[in-house]
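One structure below.
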Amino acid sequence: MGTNAVKPDITIWKHVFKLDPDKFIDDEALERVCLSGTDAVIVGGSSGVTYDNTADLLSRVRRYEVPCALELSDADAAVPGFDLYLIPVVLNTPDGDWITGLHQKALKEYGNVLDWDRVVPEGYVILNPRSMAARVSGAQAPADARDLLAYGMLADRLFRMPIFYIEYSGSWGDMAWVREAKTALQNARLFYGGGIRTPEQALAALDAADTIVVGNLIYENLPLAMATVPEERRNPETRDNTWYR
Ligand code: 1GP
């Protein structure tokens with residue numbers, strides 16, 4: 001399970017699929033995801049993620065050329081060989097464990113063996129209070145769009161994080177809020193994830209954010225999930241894959 005020689009460039013990602021190692025996906029469905037034209041596959045989940053189910057999913061995704069990133073929320077599941085390691089820092093929780101605590105503990109153990117060139121911090125704001133991510137991290141949803149915008153400033157201007165991730169996991173978000181938050185960003189890329197269930201929602205989210213993340217729909221309705229990939233990427237004739245490796 002080698003890492004791709006070329007580091008994927010997150011600044012050109014428009015669409016990514018997020019696969020949960022704790023959920024079953026058969027080989028045929030996985031092949032469709034990996035050949036869909038999506039810019040990358042992110043492996044990650046909020047519960048039931050283990051070293052073994054993460055390593056298993058990586059080895060299966062590795063049959064294809066699509067870049068594969070691990071969104072790491074538990075150091076025990078730090079499997080080597082991913083192209084990138086996305087590290088969520090939850091900006092809207094009072095629980096320091098999810099901001100620096102768990103990260104410091106993980107670095108104490110693995111800091112010396114990390115390929116820092118492939119580590120990408122994500123400034124995360126979790127807006128769906130019923131999501132597993134919110135419950136696990138104790139995230140407190142922003143009260144209004146200006147609250148969210150200030151978190152964007154925190155990620156982009158203060159912490160200089162390359163990704164500001166608006167996470168509505170499991171529910172469709174407020175695109176007016178997303179659009180407003182984007183105005184705070186100078187360098188960070190705005191990721192939006194949550195409740196994308198139709199191609200129309202994918203387009204609306206892409207209009208507000210830089211990169212959209214589609215998760216649950218893969219498991220609920222695969223043909224619809226395929227239809228969320230931007231048209232120019234879906235067609236192998238028009239797709240530019242030169243950056244894949
Ligand atoms: C979850 O942002 C992703 O981490 C995508 O959300 O599963 O609701 O598509 P959905």
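Where a ≥ b ≥ c are the square roots of the eigenvalues of the C-alpha gyration tensor, would you call the chain rounded, which needs a/c under 1.5, or, failing that, prolate if a/b is larger than b/c, or oblate?
Because its axes are fairly even, with a/c under 1.5, the chain counts as rounded.
Mind running the shape call on the range 33-89? Use the C-alpha gyration tensor, a ≥ b ≥ c as the square roots of the eigenvalues: rounded below 1.5 for a/c, prolate if a/b tops b/c, oblate otherwise.
Judged from the Cα gyration tensor, the range 33-89 comes out prolate (a/c at least 1.5, a/b above b/c).
Net charge near Thr50, counting Lys/Arg +1 and Asp/Glu -1 over other residues with Cβ under 9 Å of its Cβ?
Spelling it out: positives minus negatives among the neighbours equals -4.
Which one, Ile212, Ile99, Ile12, has the greatest fluctuation when you compute a Gaussian network model over the chain with C-alpha springs under 10 angstrom?
Per the Cα network of the chain with a 10 Å cutoff, Ile12 tops the list.
If the reach is capped at under 25 angstrom between alpha carbons, list the lysines near Lys182, excluding any in the same chain fewer than eight residues apart.
Lys14, Lys18
How much accessible area per residue does the chain have, in Å², with a 1.4 Å probe?
So the chain comes to 46 Å² accessible per residue, rounded to a whole number.
log10 I(q)/I(0), Debye, Cα-only the range 168-245, no solvent, q = 0.23 Å⁻¹?
-1.08
Local charge sum around Pro21 (other residues, Cβ-Cβ under 13 Å, Lys/Arg +1, Asp/Glu -1)?
-4
For the chain, what is the mean residue ellipticity at 222 nm derived from helices alone (per DSSP H run of n ≥ 4: -39500 (n - 2.57); sum divided by total residues; nearest 500 deg cm²/dmol)?
Per the formula, -8000 deg cm²/dmol.
At a 1.4 Å probe, what is the % contribution of carbon and sulfur to the accessible area of the chain?
51
How many percent of DSSP beta bridges within the chain run antiparallel, rounded to 5?
For the chain, the DSSP antiparallel bridge percentage is about 0.
Positive end of the dipole of the chain, charges at C-beta (+1 Lys, Arg; -1 Asp, Glu), about the Cα centre: which of Gln140, Leu19, Thr54 has its Cα farthest in that direction?
Gln140
Show me the ranking of peptides 83-92, 49-58 by mean Cβ neighbours inside 10 Å, starting with the highest.
Listed from highest to lowest mean packing, they are 83-92, 49-58.
Please give, to one decimal in nm, the separation of the simple spin-label points placed at Tyr219 and Tyr110, each 7 Å out from Cα toward the Cβ.
That separation, rounded to one decimal, is 2.2 nm.
The values are calculated or read from the model by the stated rules, or taken from the named source; none is laboratory data. Since this is a predicted model, take the numbers as computed values, not measurements. Cβ atoms come from the backbone with ideal geometry, glycine included; neighbour counts cover every protein chain shown. In case anyone asks, the SASA skips ligands and DNA or RNA and just uses the protein heavy atoms, side chains included. Shrake-Rupley method; radii C 1.70, N 1.55, O 1.52, S 1.80 Å.
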